[in-house]
Amino acid sequence: MISHSRFDDMSSPGPEGPGPHSGVLASRLLGSMPIWIRGALGGEAPLHGALGREALLRGALGLQAQGNLEPVRRVVLRVIGVAIAMLVTCAAVASAQTTGATQAAAPRAGILLMAHGGSTSWNDQVRAVAAETDKTMPTEVAFGMADRSTLQAGIDKLTARGVTAIVAVPLFVSSHSSVIESTKYLLGLRADAPAELADFAMMGDMDHGAGDHGAAMDPGMAMDHGAHGAGQNAAPAAADEPTKDAGLPKPVVSPVPVRMAAALDRHPIVADILADRAAAMGKDPAHEALILVAHGPNSDDENARWLADMHALADRIAARAHYARIDCVTLRDDAPSEVRDKATTELRQDAEAANDAGYHVLVTPLLLSYGGIENGLRQRLDGIQHALSSQALLPDARIATWVIDSARATEAVASR
């Protein structure tokens with residue numbers, strides 16, 4: 001007599017056989033069979049005993065009263081086995097299709113990595129960061145100073161790659177600038193357009209098609225801003241691109257939500273990189289004075305925020321290495337000459353005071369990448385003994401880590 005457990009054994013998978021649930025399917029199939037088949041296979045039947053079941057099966061199959069039923073039983077078993085295998089296979093395929101559809105519909109954020117742009121080598125540093133983060137999250141680069149065309153091009157590329165949300169990550173030293181505020185407007189994250197947006201729009205118009213930004217600019221200006229143009233990533237204006245209203249570009253168009261992370265500001269990773277740059281120059285922090293130098297904005301209010309972040313970074317550095325003193329200076333190269341000259345005087349005074357105290361001066365620029373600023377710094381410190389770091393924040397693998405962490409944190413907050 002064949003029991004349900006024998007069907008389980010019969011349906012157990014071989015190397016290419018049905019899955020582990022075939023026994024359950026077999027039991028269900030057996031229960032749904034016509035009564036004459038269940039009787040023939042040894043299941044329950046109204047006719048008890050071997051003779052009763054045999055007679056029932058012979059009658060159902062139209063067989064003569066004589067003859068061996070074993071071949072018939074084997075054929076039935078094979079048919080049932082094939083049916084079970086087909087059912088299990090169909091169930092597995094349906095499950096895989098459902099899982100694939102679920103995964104395809106899962107949210108996936110992309111990164112719009114924004115940078116000012118500069119010379120070819122400056123831009124290559126940014127592209128290297130983007131190539132690294134792209135291994136974890138889809139990433140596209142938008143060079144320029146609040147340049148609508150490069151922002152739109154990056155958004156279009158990300159949406160074509162199937163992202164369901166975009167996090168704009170500004171690879172800028174500070175969030176406290178008119179560039180950031182103008183970018184927020186262009187991304188639809190600010191209702192009113194800053195007054196400076198018209199200036200940035202004009203810069204973008206002049207630099208489109210000029211190759212890498214900064215190639216023809218004064219090297220001394222290629223600090224954190226690089227050159228102030230849009231560069232080779234600029235997309236040609238489309239026929240249906242929104243037109244400017246009173247000289248101002250309209251916000252970009254995106255079919256998916258766009259968020260924006262903060263810039264580097266006072267992030268611990270920045271402090272760690274600066275500390276490493278300083279340590280590479282010095283030997284004895286107790287007899288060394290560290291000067292952190294950044295580009296800085298034009299506005300006095302914004303400059304105060306820059307300096308506040310720089311002092312926070314200095315505190316983190318001091319907790320790691322006990323320098324005799326740490327000073328923070330912004331050069332404010334884009335400000336009026338009297339403001340710029342005052343900043344240069346402050347830098348020289350800090351360096352001279354450290355030398356007078358018997359300390360070795362270590363100058364560490366808070367810049368993304370060198371693009372000529374190192375030459376401008378040497379000119380400003382001419383005649384004062386000092387050591388200047390040979391490397392800015394880039395290249396450094398930790399910047400890519402910061403980009404990913406910032407994008408994930410921003411998206412997590414927005415998704416709550």
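The values are calculated or read from the model by the stated rules, or taken from the named source; none is laboratory data. If you're wondering where the values come from, they're calculated on a predicted model, not measured in any experiment. Don't worry about glycine lacking a Cβ; one is built from the backbone with ideal geometry, like all the others, and counts go over all protein chains shown.
Tabulated data for the structure shown
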{"item": "Cβ-Cβ under 6 Å pairs, at least 6 apart or on other chains, the range 306-323 side more than 16 Å from residue 278 (Cα to Cα), far side surrounded by 14 or more Cβ atoms within 10 Å (Cβ to Cβ) and among the β-branched types (Val, Ile, Thr)", "result": "306/330"}
{"item": "Residue 387 vs. criteria without any contact (Cβ under 8 Å) to a residue 24 or more places away in the chain and surrounded by fewer than 20 Cβ atoms within 10 Å (Cβ to Cβ)", "result": "no"}
{"item": "The range 186-205, subset in contact with a strand residue (DSSP E or B) (Cβ under 9 Å, 6 or more places away or on another chain) and either part of a helix (DSSP H, G or I) or of a type outside the set (A, V, I, L, M) (or both), residue modelled with the lowest pLDDT", "result": "201"}
{"item": "Out of 175, 149, sole residue that is among the polar types (S, T, N, Q), touching a His at 6+ places or on another chain (Cβ under 9 Å), buried (at least 19 other Cβ atoms within 10 Å of the Cβ) and not in a strand (DSSP E or B)", "result": "149"}
{"item": "So residue 208, is it of a type outside the set (D, E, K, R), modelled with pLDDT under 50, outside the structural domain of residue 292 (by TED's automatic domain parsing) and surrounded by 22 or more Cβ atoms within 10 Å (Cβ to Cβ)", "result": "no"}
{"item": "Candidates 308, 304, 312, 289 - the one that is more than 16 Å from residue 173 (Cβ to Cβ) and either in a helix (DSSP H, G or I) or over 31 Å from the mean Cα position of the chain (by Cα) (or both)", "result": "289"}
{"item": "Residue list for the range 141-159, restricted to those being of a type in the set (A, V, I, L, M, F, W, C) and at negative phi", "result": "141, 142, 143, 145, 151, 153, 155, 158"}
